[in-house]
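A quick write-up on the structure given underneath.
Where a number appears in this text, it was derived from the coordinates with a stated rule and is not lab data. Remember, predicted model here, so these are calculated numbers, not experimental data. All Cβ positions, even for glycine, are placed from backbone atoms using ideal geometry, and neighbour counts span all protein chains on display.
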């Protein structure tokens, strides 16, 4: 175990609470029970051999008379970087590709249909340093870069959709860099890409040194297994960002992230789950894990001493459902694969029950927001 880090909230509770009490705690914390999936023995053995955590859970929906269940399995992958951050770029990428290939193989054994990788998965999360080289050398084409070609091979081999978040180099628009998620169909074709809408300017997150807010809007991708969207990292703090993916029809919204404990951990279990509830959809939070050390010190000019580490990426990836239930999280310190079986019929069932979209009054907010963004906006405040 990493120094000073606990393995997971779930492990702490199970260690210290008697079973009868723990059952009520799970209900209060996580809502309706998710059933544990009976994963293949070969997958469990492979995860042990390859040294990553494997968990599987299923969400239930009511049986309908006119619609068959729409069952899909998603796989969330969290992982550490494998080599020191000053290792040659090509070696770092190759090591991570091998690691992901091993985990995706196990996902396929578990019947996963859609895999989502963590934010900027091919590289260290070096955007704290503000150095350009060698970090910009990890950038590549979303359409035909080596990482996209690698994921296309996996998608075809295992008949699954892959969401691959990378540092994109757009050679057709001035070599501009973007924080981008590439969506690859189970046929191996690139369905498209979506760029990070909201860029942090907090603490060591100096990301605007490398890329700015995305320009692809709120795309939703129709796959063989359902309609998916990708809300990259900092976008999870913006409720309207989740809303627009939902308005465009997303049934599953993936949220690949890289976020550290001291900054955001109290928010992590709440935001994606709230979004699932508010938008009648499934949400999947994926966070990288581990502590990454950089050779050169850096500072955010906040009065603190220069340092070599960003902080601990705390993993804890999970899936939340529109009824407010959620899976337990993966480990805070280990690589892992979380398999979740979803019945997408639950989205409409909860929509019919709570009707948040029907009662949303979007026209009211659209009119008032249109006024609020004007330079001469006068807030609507009543005074005596």
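A straight chain from residue 300 to residue 68 at 0.36 nm per residue would run longer than the Cα-Cα distance by 78.2 nm.
With q set to 0.19 Å⁻¹, the log10 of I(q)/I(0) for the range 141-225, from the Debye formula over equal scatterers at the Cα positions, is -0.84. Over the chain, the hull volume per residue, using the convex hull of the C-alpha atoms, is 189 Å³. Judged by the ratio a/c of the largest to the smallest principal axis of the C-alpha gyration tensor, the range 116-257 counts as oblate, that ratio being 1.5 or greater while a/b is no larger than b/c. Given their separation in residues at 0.36 nm each and the Cα-Cα distance between them, residue 144 and residue 377 gain 79.4 nm when the chain is fully extended. Looking at the range 162-310, the DSSP beta bridges with both ends there are about 70 percent antiparallel.
Report the FRET efficiency, 1/(1 + (r/R0)^6), for residue 355 and residue 176, where r is their Cβ-Cβ distance and R0 is 51 Å, rounded to 0.05. Walk me through the numbers before you get to the answer.
Details: r = 42 Å, r/R0 = 0.82.
The calculated FRET efficiency here is 0.75.
When DSSP beta bridges are restricted to pairs lying wholly in the chain, around 65% turn out antiparallel. Rounded to the nearest 5, the antiparallel percentage of DSSP beta bridges internal to the range 206-285 is 30%. Using a Förster distance of 35 Å, how high is the FRET efficiency between residue 45 and residue 208, based on the Cβ-Cβ distance and rounded to 0.05? Calculated transfer efficiency: 0.20. Only Cα pairs under 8 Å and 6+ residues apart enter the sum, and on that basis the relative contact order of the range 229-327 stands at 29 percent.
Normalised by the number of residues in the chain, what is the relative contact order in percent for Cα pairs under 8 Å and 6+ residues apart?
Numbers: 788 pairs, mean separation 80.9, N = 384.
Relative contact order here is 21 percent.
At 37 °C and 0.692 mPa s, grab the translational diffusion coefficient of the range 15-153 from Stokes-Einstein with a Kirkwood Rh over Cα pairs, rounded to a whole number in µm² per second.
On the way: Rh = 18.3 Å.
Roughly 179 µm²/s, to the nearest whole number.
Pairwise Cα distances in the range 108-181 exceed 22 Å for 28 percent of all pairs. The range 156-198 and the range 200-216 have Cα centres separated by 18 Å.
Could you let me know the centre-to-centre spacing of the range 54-98 and the range 272-337, using Cα atoms, in angstrom? Their Cα centres are 14 Å away from one another.
Does the range 254-293 classify as rounded, prolate or oblate by the C-alpha gyration tensor (a ≥ b ≥ c root eigenvalues; a/c under 1.5 gives rounded; else a/b over b/c gives prolate, otherwise oblate)? Oblate shape, in that a/c is at least 1.5 and b/c is the bigger or equal ratio. Overall, the anisotropy analysis places the range 233-375 in the oblate class: the square-rooted eigenvalues a ≥ b ≥ c of its C-alpha gyration tensor yield a/c not less than 1.5, with a/b not exceeding b/c. Restricting to Cα pairs below 8 Å that are 6+ residues apart, what does the relative contact order work out to for the range 55-157? Please round to a whole percent. Relative contact order of the range 55-157: 29 percent.
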